[in-house]
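In what follows, a single structure is set out as structure tokens and then discussed.
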Amino acid sequence: MTPFTFNMAWRETRSAWRHFVYFLVCIAIGVGALTGVSLFGAEVEKTVNKEARSLLGGDLEVRLSHPLSSQGQTVLDSLNSRGISLTHVSELIAMVARTDSSTSGQPTQIVELKAVEPGYPLYGQVRLNPQGDLAELLGLQPVRCQDIATFGVVVQESLLIKMGLRIGDCLKIGQGFFRIVAVVRTEPDRMANAFSLGPRVVMSQEGLQAAELVKVGSRIRERYLVKIPSDLPVDPLLYELRGRLESDAARVSGYKDAQPQLKQFLDQLTR
């Protein structure tokens, strides 16, 4: 900077110092806001990556909109010999009905049904009230409903409120009868969603078979959650399963791909 330029800048600053200070404050606020947003996005992304396996339900997820073929089942069963854990989750929309018409509340209710195996969840924990072993709670109950073999279910509290039910009451789902044994508070692989078709009901895979809800043409989402030993990389198995399950039109994704909407939001936030 030449002496002339410096003198001109100094005179302008002295004559309009308030504008100069205002300009500096605006720059400081802008830089501070950008830095704050970047730090916030980085912390959120760090937390999401830490909990990504719980959000997906495993290291890998194999998802289908129809039952898995016997060939595909053989492929997944072969993973056990390699020390890889697997659990099967089925999700569908169903109608539940009260068995006791004397209570107040809705006689029927659409619910989001989830059927799980004893190994569920592979990551995280299902919080219940009262807390207990999920596999045992969803098994055959000592006290029957309608003198028919009865499995247990855990439900969201909103279902109890809408239908005027309480823990210990019976429900009819499809062709089966089920006893409410607990209230489900949180599921590790279920993100909060403003749009829901109904309260959650969780049952066992055996209970789903007893209900006879899955038939040809049924709208169902089959999920096979995979847990890989910590000393093994995830990506090789991801690509292997994509190739071996291609004939089943299965969608195989990793925990890094969990919750794509949230990842898109973070990318836009820090852009």
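The values are calculated or read from the model by the stated rules, or taken from the named source; none is laboratory data. The model shown is predicted, which means the values in this text are computed figures rather than measured ones. Cβ coordinates were reconstructed from backbone atoms using ideal geometry, including for glycine residues, and neighbour counts include every protein chain displayed.
What the table below lists for this structure:
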read-out: Residue 161 being at pLDDT below 95, β-branched (Val, Ile, Thr) and assigned by TED's automatic domain parsing to the domain that holds residue 106; value: yes
read-out: Condition check for residue 239: modelled with pLDDT of 90 or more, assigned by TED's automatic domain parsing to the domain that holds residue 109, crowded, with 17+ Cβ neighbours inside 10 Å and among the aromatic types (Phe, Trp, Tyr); value: no
read-out: Answer from 227, 172, 162 - the residue that is in contact with a Leu (Cβ under 6 Å, 6 or more places away or on another chain), basic (Lys, Arg) and touching a residue at least 12 places away in the same chain (Cβ under 8 Å); value: 227
read-out: Residue under evaluation residue 129, criteria (1) in contact with an Asp or Glu (Cβ under 9 Å, 6 or more places away or on another chain); (2) surrounded by 14 or more Cβ atoms within 10 Å (Cβ to Cβ), criterion not met; value: (2)
read-out: Matching option when the condition is surrounded by fewer than 17 Cβ atoms within 10 Å (Cβ to Cβ), at pLDDT below 95 and closer than 30 Å to residue 136 by Cα, among 247, 230; value: 230
read-out: Residue ranges of strands (runs of 3 or more DSSP E) in segment 80-157 with at least 3 members within 25 Å of the chain's Cα centre (by Cα) and within 21 Å of residue 222 (Cα to Cα); value: 85-98, 108-116, 150-155
read-out: Criterion: exposed (fewer than 14 other Cβ atoms within 10 Å of the Cβ), farther than 15 Å from residue 198 by Cβ and of a type in the set (Val, Ile, Thr) - qualifying residue of 161, 148, 167; value: 148
read-out: Boolean, residue 116 is out of contact with any Lys or Arg (no Cβ under 6 Å at 6 or more places or on another chain) and aliphatic (A, V, I, L, M); value: yes
read-out: One residue from 180, 228, 220, 173 being in contact with a Cys (Cβ under 8 Å, 6 or more places away or on another chain) and assigned by TED's automatic domain parsing to the domain that holds residue 97; value: 180
read-out: Residue 268 within 19 Å of the chain's Cα centre (by Cα) and modelled with pLDDT under 85; value: no
read-out: Subset of segment 58-79 (residues that are in contact with a Ser or Thr (Cβ under 8 Å, 6 or more places away or on another chain), in a loop (DSSP other than H, G, I, E, B) and of a type outside the set (S, T, N, Q)); value: 58
read-out: Qualifying residues in segment 212-258 (those that are under 19 Å from the mean Cα position of the chain (by Cα) and part of a helix (DSSP H, G or I)) - the one nearest to residue 83 (Cα to Cα); value: 255
read-out: Residue in segment 162-180 that is closer than 30 Å to residue 65 by Cβ and within 20 Å of the chain's Cα centre (by Cα) present; value: no
